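Just so you know, all these numbers are worked out from the coordinates, no wet-lab data involved. Because the structure is a prediction, the values reported are computed rather than measured. FYI the Cβ positions are ideal-geometry reconstructions off the backbone, even for glycines, and counts take in every protein chain you see.
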Amino acid sequence: MRRGWPLAYPGMRVGLLGGTFDPAHAGHRHVAEQALKRLALDRVWWVATPQNPLKPAARPLDQRLESARRVARGRRHVVSGIETGLGTRYTIETVRALHAFYPGVRFVLLLGEDNLDTFARWRAWPALVEEIPIALFARPDARAGLRISKPFQRFASARMAQRDAALLACVSAPAWCFIAAPLSPHSSTALRATRRGLEPLRPG
């Protein structure tokens, strides 16, 4: 581990909650809290991306990190811009680098169900599914839905039952689990719209 990077030790269970966090909101915290509880994690790292390749340009990273810190309260929530230090741009690159720098740490990728809209466009997504266990959390604004998500249909045999979610961090990829946790209606899109004086988008 390098100076300024999050601390983690072999055997620890760490959830990776990646995002632009422009701004961070209660929905992000809801997923993080559910992940800590349902997956029996030791920490959730809020990994603020320098720039999401599939989204418009975001505010400066330091502003978005501060936004995440205001929402991610508690010692088990760790806000980090580690992708800048790693020099990675895509999730598959970040995950591989973290596995190299943190041997023995049991990482789990945390995704909101809304990510299914674009997951098939992620760089090397099949390799990503085979690299790290994935937890998918229900979101009220999801558009794709599990039943029509081709990437996860392809890995249907790797799906774990929700009742076994606490074991997800301990198994080898490919492995994924859908968590039908209580829903949170918050989204960064709605908050940005409100900030601009526009009517926020509504789920559904």
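Couple of notes before you dig in:
- Highest-first arrangement of 41-51, 91-101, where packing means the average Cβ count within 10 Å: 41-51, 91-101
- For Met12, net neighbour charge (Lys/Arg +1, Asp/Glu -1) across residues whose Cβ lies under 12 Å away: +3
- Zone of Ala124's modelled label, taken as backbone nitrogen in segment 81-95 under 20 Å from a point 7 Å along Cα→Cβ: 82-95
- The stretch between Arg59 and His99, if pulled fully straight at 0.36 nm per residue, gains 11.5 nm over its current Cα-Cα span.
- Extension gain (nm, one decimal) between Trp5 and Lys37, 0.36 nm per residue minus Cα-Cα: 9.1 nm
- Spatial separation of Cα centroids for segment 1-30 and segment 63-108, in angstrom: 5
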